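Below is one structure, written out as structure tokens; the observations come after it.
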Amino acid sequence: MQPFILKHYLKNFSSLVILCSLLIFFSEKFSLADSKEEAYYYFLLSQIVAKDPAEAEAHLQKAIKLEKKSLYLKKVLMAYYLENKKLEEARDLGENLYKKNPYDKEIVWLLSRVYLQENRPNRAIMILEKYLEKEPKDQEILSFLISLFLQQKEWDQALLKLEQLEKMHPQNHAIFLFKARIYREKEDYKAAEKAYLKAIELSPDNKPLILEALQFLEDISAKEEIEKILIDYLLKNPEDKDFLRLLLGFYLEQKDLEKSENLLKSYLEKHKDQPEFLFYLGLTLEYKDKTNEALKIYKEIPPGSIWYIEAQRRIFEILKKKNLEEAKSYLEGLRKVDYKEKSFFVFLSNAYESIDLCEKGAEIAKTGLINYPEDPDLILALASNYACLENYEEILKIVEPLLKRFPEDAYVLNFVGYSLVELNRDLDRAESLLLKANQLKPEDPYILDSLGWLYYKKGDYEKARTYLEKAVEKLKVDEPVIWTHLGEIYLKLGNKEKACELFKKAHQKTIHQREKKNFEKLLNSCP
């Protein structure tokens with residue numbers, strides 16, 4: 001949009017490349033007679049060689065003096081004035097250029113910006129409106145004009161202008177798009193919805209428009225319209241995977257598993273080799289409790305993509321719920337697969353930890369680190385297994401170095417902080433680390449648990465209870481250790497009944513033998 005934009009790119013190329021490129025560019029603009037060659041020379045000096053704004057301006061003035069008819073050079077000078085806050089000079093030059101060229105987009109753009117900086121928005125609006133009467137499809141200028149109305153909260157004036165443009169150009173989708181945005185700002189959601197739908201009707205293949213409309217429709221829970229828009233688009237563009245994902249995500253979010261299954265099966269009939277959509281079909285079937293069908297689909301996904309790893313994870317989770325021994329056997333089979341992806345090592349390590357085979361989980365993480373030394377995901381997978389083995393000294397040895405590399409990583413901060421708490425060491429430092437982690441991830445139940453357990457160790461039981469109750473509230477899966485932490489707080493606060501409920505629940509749910517023994521000791525205090 002702005003003619004001086006070249007200036008921002010010049011620093012990234014060698015001088016020779018710059019000069020050659022600009023020479024080609026200007027040879028098209030000028031016939032390169034003597035005066036034009038000299039004008040071009042001074043233009044280059046203003047853009048490349050000038051050490052300060054005054055020198056750049058002097059070079060531009062010389063170039064314009066040599067090439068008086070060059071509108072381009074005058075627009076460059078005007079942009080220079082605007083950029084350097086020389087508003088009076090920019091306005092005088094701009095108004096002179098505007099008289100002769102009222103429909104030149106760059107002049108209109110620059111002059112309207114001058115008027116805005118002079119706090120003359122009505123003047124800016126006037127020249128923008130005049131330009132749009134001739135060029136109503138120019139979305140950049142229209143957007144700029146509407147933004148001025150919105151800044152001043154001139155809703156009715158903006159709508160009136162759009163109504164006028166609509167009468168002249170009833171098939172211009174941009175007019176309805178901006179009407180929708182204004183109605184949205186006014187919180188007139190019915191009118192906004194109607195305007196969005198009309199804009200889509202006029203421009204049915206405009207993906208950015210459709211995505212904006214879908215976001216709005218989601219905000220107002222217009223589910224029927226969302227589904228219709230997605231289906232209509234896919235009927236015309238059946239190969240568009242982005243919109244297929246959107247429709248699929250919509251069905252899964254609405255828990256409309258029947259439609260999700262039908263959509264995926266229909267798509268996969270025509271597109272056999274699609275690991276991503278095979279995985280989604282498996283997930284849909286799993287949600288429908290068709291676990292045998294889901295297992296069959298997951299096993300069709302070949303190695304070589306992230307979907308293979310995700311499929312193995314889902315197979316393992318299904319088998320773990322059905323039969324723990326079968327799940328262990330499946331993992332042993334996977335260990336024999338010659339698959340060297342980092343994510344495969346991470347998955348296997350975490351899977352073994354989840355079924356209390358933490359020595360094996362640690363061994364796999366160490367093997368992965370041979371192939372991917374210092375990889376943070378593998379280091380944290382190893383740390384999880386060490387936590388299972390209650391080896392917090394080892395956790396500190398491998399995770400503390402990550403603090404220098406990832407000082408803003410909430411999970412690294414949490415690992416180090418919690419390990420210090422378990423070792424009952426440097427509790428003030430642990431508090432600092434965990435509070436920072438909580439600031440980064442305020443809703444994470446594991447970080448909330450760490451803080452609660454820290455304050456338990458510090459003897460601040462009310463503060464500990466606040467954090468741990470919130471941690472339990474935020475949990476999405478069973479976490480027996482967190483339950484027992486809260487139970488121990490309740491014991492300290494004299495609520496033995498609540499404490500024992502949590503201890504019993506934790507003892508029933510855990511599969512980790514070390515945890516089970518610890519929980520049994522706690523249960524000894526219960527009736």
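Report, in degrees rounded to the nearest 10, the 0 to 90 angle that the Cα long axis of helix 513-523 makes with the longest principal axis of the chain.
Result, in degrees: 70.
Pairs of alpha-carbon atoms within less than 8 angstrom and 6+ residues apart define the contacts here; what relative contact order does the chain have, in percent?
After rounding, I find 4 percent.
Per residue of the stretch 122-128, in order, report the coupling 6.51 cos²θ - 1.76 cosθ + 1.60 (Karplus, θ = phi - 60°) as ³J(HN,Hα) in whole Hz, putting x for Gly and Pro.
For the stretch 122-128, the Karplus curve yields 5, 5, 4, 4, 4, 6, 5 Hz.
List the relative contact order of the stretch 136-237 as a percent without decimals, with contacts defined as Cα pairs under 8 Å and 6+ residues apart.
Here the relative contact order equals 18 percent.
Can you tell me the order of 471-479, 434-442 when each peptide is scored by its average per-residue count of other Cβ atoms within 10 angstrom, highest first?
Put in order of decreasing packing, that is 434-442, 471-479.
Rank these for me by crowding, K457, K272, going from fewest to most other beta carbons within 10 Å.
If I rank by nearby Cβ atoms, fewest first, I get K272, K457.
Can you find, among A362, S349, L324, the residue farthest towards the positive end of the dipole of the stretch 310-401? Put +1 on the C-beta of Lys and Arg, -1 on that of Asp and Glu.
L324
With a 10 Å Cβ neighbour count serving as the proxy for reagent exposure, in which order, fewest first, do F144, F519 appear?
F144, F519
Please work out the C-alpha center-to-center distance from the stretch 395-471 to the stretch 309-329 and express it in whole Å.
31 Å
Kindly provide the GluC sites (Glu not before Pro) of the stretch 219-308 that DSSP labels as loop, not H, G, I, E or B, and whose Cβ sees at most 12 other Cβ atoms within 10 Å.
E239
Can you give the charge dipole size of the chain about its Cα centre, rounded to the nearest 20 debye, using +1 on the beta carbon of Lys and Arg and -1 on the beta carbon of Asp and Glu?
Its charge dipole is roughly 440 debye.
In what sequence do K198, K521, K105 fall when counting other Cβ within 10 Å, fewest first?
Fewest-to-most Cβ neighbours within 10 Å comes out as K521, K105, K198.
For the stretch 136-237, what ratio Rg/Rh do Cα atoms give with a Kirkwood hydrodynamic radius?
0.97
Sort the chain into rounded, prolate or oblate with this rule: let a ≥ b ≥ c be the square roots of the eigenvalues of the Cα gyration tensor; rounded if a/c is under 1.5, and if a/c is not under 1.5, prolate when a/b is larger than b/c, oblate otherwise.
It is prolate, given that a/c is not under 1.5 and a/b is the larger ratio.
Once phi is turned into θ = phi - 60°, what whole-Hz ³J(HN,Hα) does the Karplus curve with 6.51, -1.76 and 1.60 give for every residue of the stretch 396-401, x standing for Gly and Pro?
4, 4, 8, 9, 3, x
If you line up the long axis of helix 461-474 against the longest principal axis of the chain, both from Cα atoms, how many degrees apart are they, to the nearest 10?
70 degrees
Throughout, read-outs are computed from the coordinates displayed, never taken from laboratory work. From a predicted model like this one, the values you see are computed outputs, not experimental measurements. Virtual Cβ from ideal backbone geometry, glycine too; neighbours counted across all protein chains shown.
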